[in-house]
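Okay, structure first, notes after.
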Amino acid sequence: MSDNTVQPPQGRAAPVLILCRQCVQYVFEGTVTCPHCGRDAREMSARYRDRGYLAIEAMLSIERAAERRRS
Amino acid sequence: MAEPALDDAPRRRVSLRDQLDCVPVYVVWEITLACNLKCIHCGSRAGHRRAKELSTAECIDVVRQLAELGTREISIIGGEAFVRRDWLTLVRAIHDHGIDCTMQTGGYKLSREMIEAAAGAGLLGLGVSVDGLKPLHDRLRGVSGSYDEAVRVLNDCRDIGLISSVNTQITSTVMPELAALMDVIIDAGAKYWQVQLTVAMGNAVDHDEILLQPYELTTLMPLLADLHRRAAERNLTLLPGNNIGYFGPYDVLWRSPGRGYYGGCPAGQNAIGLEADGTLKGCPSLATERYGAGDVRDTPIAELWANHPALQFNRNRGVEDLWGFCRGCYYAEVCRGGCTWTADSLLGRRGNNPYCHHRVLTLAERGIRERIVKVEDAPALPFATGRFALIEEPIPLEGADA
């Protein structure tokens with residue numbers, strides 16, 4: 001082991017993913033063209049809108065914002 | 001890792017600050033390796049106590065040190081934790097240090113009086129292993145009557161008012177009985193149901209026929225998604241273990257609320273595993289020879305936690321350890337090969353995990369599937385690993401024998 005000095009450990013956080021609003025697969029935050037379906041990840045599809053993903057994504061983004069404020 | 005249920009308990013949830021500061025939020029502590037079951041999938045090959053298990057005083061000092069590091073939940077496991085005579089003293093010590101205490105058990109010979117005493121000492125919740133309906137469970141657990149005992153313990157918890165959860169190993173033959181098992185779990189009053197794939201370690205390497213094949217995730221995942229929905233309607237929360245994933249169509253279903261997707265293995269960043277003899281690891285299930293980070297008798301936990309190389313591998317979130325499919329995966333930076341325990345135990349090296357739904361679906365689009373074949377047995381030691389080969393092959397035509 002090293003000397004007895006204990007420096008507080010430091011880590012990195014997981015990157016943020018969001019759902020592609022077309023194919024509903026995860027993409028990195030800020031993605032414009034979805035690498036999975038090739039469409040505009042920001043444009044809301046009927047599937048995204050009608051199957052509850054909008055509410056889920058809203059809930060997740062509120063949670064992320066709260067997290068960032070706390071940190 | 002083989003982390004128990006209660007995943008959605010707010011105190012255990014890992015925050016951004018926890019990640020940056022590497023707070024060991026959650027500790028899984030094998031307080032003895034002695035066990036009264038003979039599970040054929042047991043990774044630690046539990047049965048007899050270790051040669052030099054920590055004394056009561058040493059354990060209480062461990063609790064003190066973990067409290068100072070910011071630990072918020074300790075889950076005591078075995079072997080069978082209650083086989084250790086001072087287990088209630090340890091439950092009370094954990095509770096008295098302001099840390100949530102939970103326990104994972106097979107439930108065999110855990111009496112109602114013992115459960116009441118544990119609740120009185122501050123036990124917050126009890127996780128009970130139920131690996132199938134009676135014939136399968138008793139066969140896997142190696143003791144006739146162990147299923148009845150496990151269900152009886154769940155009923156006792158409900159009657160006492162102690163939160164209970166169920167942990168279920170996903171083995172090669174359990175899928176057809178999961179729906180019926182869910183009914184049993186709901187009737188017994190459990191609040192959480194955590195499922196995890198049986199990992200190729202210890203006794204499970206000796207009995208490799210019980211391991212799921214990676215390509216079987218195409219059947220398992222839709223089944224779990226359906227069970228998740230049906231369980232939620234009946235106030236049971238189905239929780240995916242760390243090796244259930246990743247980034248398939250159902251992650252958003254069972255990882256919300258929370259991040260909504262798998263954020264990578266927390267071992268050594270926000271999780272600690274402790275063996276009964278004082279060996280510290282980043283996760284309780286990891287192979288001791290590769291991930292043992294020293295003895296808490298010799299070195300303060302804070303020093304091991306800060307400095308020991310065996311605990312560092314997840315903290316900078318690099319992708320340099322990834323290989324095979326995972327190396328080139330779109331989600332590499334986030335997922336980092338999924339559960340370290342699962343991949344490392346199977347292939348002898350972390351960073352390439354065939355038990356991934358995204359991977360299985362991606363390969364299927366190319367007409368390919370993967371299966372595992374044992375090529376080397378595991379030594380007769382706790383947390384020992386064997387070696388498996390990963391075979392890539394064309395998906396058989398429908399109706400052809402797999």
³J(HN,Hα) across the stretch B:389-397 via Karplus (A = 6.51, B = -1.76, C = 1.60, θ = phi - 60°), whole Hz, x for Gly/Pro? 9, 9, 9, 9, 8, x, 5, x, 5
With N set to the number of residues, divide the alpha-carbon radius of gyration of the stretch A:26-71 by 2.2 N^0.38 Å and report two decimals. 1.32
Can you give the convex hull volume of the alpha carbon atoms of the stretch B:222-285 per residue, in Å³? 107 Å³
Taking N as the number of residues in the stretch B:223-378, what is its alpha-carbon radius of gyration divided by 2.2 N^0.38 Å? 1.15
Please work out the C-alpha center-to-center distance from the stretch B:329-354 to chain A and express it in whole Å. 20 Å
Which of A:R47, A:R12, A:R21 moves the most in a Gaussian network model of chain A with Cα springs under 10 Å? A:R12
Let me test this: with uniform point scatterers at the alpha carbons of the stretch B:168-247, what is the Debye-based log₁₀ I(q)/I(0) at q = 0.21 1/Å? -0.98
Relative contact order %, the stretch B:54-102, counting alpha carbon pairs below 8 Å whose residues are six or more apart: 51 percent
Between B:A117 and B:D183, what FRET efficiency comes out of the Förster formula 1/(1 + (r/R0)^6) with R0 = 35 Å and r the beta carbon distance, rounded to 0.05? 0.70
Range in chain B, longest, excluding exposed GluC sites (Glu not before Pro) [loop by DSSP; at most 13 other beta-carbon atoms within 10 Å]: B:1-319
In chain A, the GluC sites (Glu not before Pro) that fall in loop regions by DSSP, at most 14 other Cβ within 10 Å: A:E29, A:E43
Relative contact order of chain A, please, whole-number percent, based on alpha carbon pairs below 8 angstrom and at least 6 residues apart. 22 percent
Compute a Gaussian network model of chain B, connecting alpha carbons closer than 10 Å, and tell me which residue from B:V91, B:V334, B:V128 fluctuates the most. B:V334
Any chance you could list the semi-axes, whole Å, largest first, of the equivalent ellipsoid that the Cα gyration tensor gives for the stretch B:118-178, using √(5λ)? 24, 12, 9
Can you show me the helix-derived [θ] at 222 nm for the protein assembly as shown, built from DSSP H runs with n ≥ 4 at -39,500 (n - 2.57) apiece and divided by the number of residues, rounded to the nearest 500. -9000 deg cm²/dmol
Convex hull projection area averaged over all views, the stretch B:4-84, Cα basis, nm²: 6.4 nm²
I'd like the FRET efficiency for B:D226 and B:I368, computed as 1/(1 + (r/R0)^6) with the beta carbon distance as r and R0 of 35 Å, rounded to 0.05. 0.85
With just the Cα atoms defining each centre, how far is the stretch B:143-202 from the stretch B:59-132? Give it in Å. 19 Å
Which of B:K38/B:K281; B:K109/B:K134; B:K52/B:K191 have a Cα-Cα distance over 28 Å? B:K52/B:K191
Kirkwood hydrodynamic radius of the stretch B:79-123 from all distinct Cα pairs, in Å? 10.6 Å
What Cys residues in the protein assembly as shown are without a partner cysteine, judged by a Cβ distance under 4.7 Å? B:C22, B:C35, B:C59, B:C101, B:C157, B:C265, B:C283, B:C326, B:C329, B:C335, B:C339, B:C356
Tell me, rounded to the nearest percent, the portion of alpha carbon pairs in chain B spaced more than 39 Å apart. 11 percent
Rg(Cα) / (2.2 N^0.38 Å) computed for the stretch B:1-147, rounded to two decimals: 1.07
Put +1 on the Cβ of each Lys and Arg and -1 on the Cβ of each Asp and Glu in the protein assembly as shown; which of B:A306, B:F82, B:V184 then has its Cα farthest toward the positive end of the dipole? B:A306
Hydrodynamic radius of the stretch B:273-356 per Kirkwood, over alpha carbon pairs, in Å: 13.5 Å
Which value in Å does the Kirkwood hydrodynamic radius of the stretch B:38-112 take, with 1/r averaged over all unlike C-alpha pairs and then inverted? 13.4 Å
With +1 on each Lys and Arg Cβ and -1 on each Asp and Glu Cβ, and nothing else charged, work out how big the dipole of the protein assembly as shown is about its Cα centre, in Debye to the nearest 20. 920 debye
Just add up the charged neighbours of A:C20: K/R +1, D/E -1, any other residue whose Cβ is under 12 Å from the Cβ of A:C20. 0
Once both labels are modelled 7 Å past Cα along the beta-carbon direction, what's the A:D40-B:D159 spacing in nm? 6.3 nm
With Kirkwood's inverse mean 1/r over C-alpha pairs for Rh, give me the Rg to Rh ratio of the stretch B:248-293, two decimals please. 1.17
Extension reserve of the B:V375-B:L361 stretch, reckoned as 0.36 nm per residue once the Cα distance is removed: 2.4 nm
Relative contact order of chain B, pairs being alpha-carbon contacts under 8 Å that are 6 or more residues apart, as %: 19 percent
Give me the Å³ per residue figure for the convex hull around the C-alpha atoms of the stretch B:359-402. 98 Å³
For the protein assembly as shown, with equal point scatterers placed on the C-alpha atoms only and solvent neglected, what are the log10 I(q)/I(0) values from the Debye formula at q = 0.06, 0.08, 0.13 1/Å, to two decimals? -0.25, -0.45, -1.28
Viscosity 0.692 mPa s, temperature 37 °C: what is the translational diffusion coefficient of the stretch B:114-244 from Stokes-Einstein with a Kirkwood Rh over Cα pairs, rounded to a whole number of µm²/s? 215 µm²/s
Along Cα→Cβ, 7 Å out, is where each label goes; now give me the distance between the ones at B:L397 and A:R47 in nm to one decimal. 3.0 nm
Ratio to report: Rg/Rh of the stretch B:291-402, with Cα atoms as the point set and Rh obtained by the Kirkwood method; give two decimals. 1.08
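Taken together, the values in this text are just the output of simple stated rules run on the coordinates, not laboratory data. What you are looking at is a predicted structure, and each value in this text was computed from that prediction instead of being measured. Every residue, glycine among them, receives a Cβ derived from its backbone with ideal geometry; neighbour counts consider all protein chains shown.
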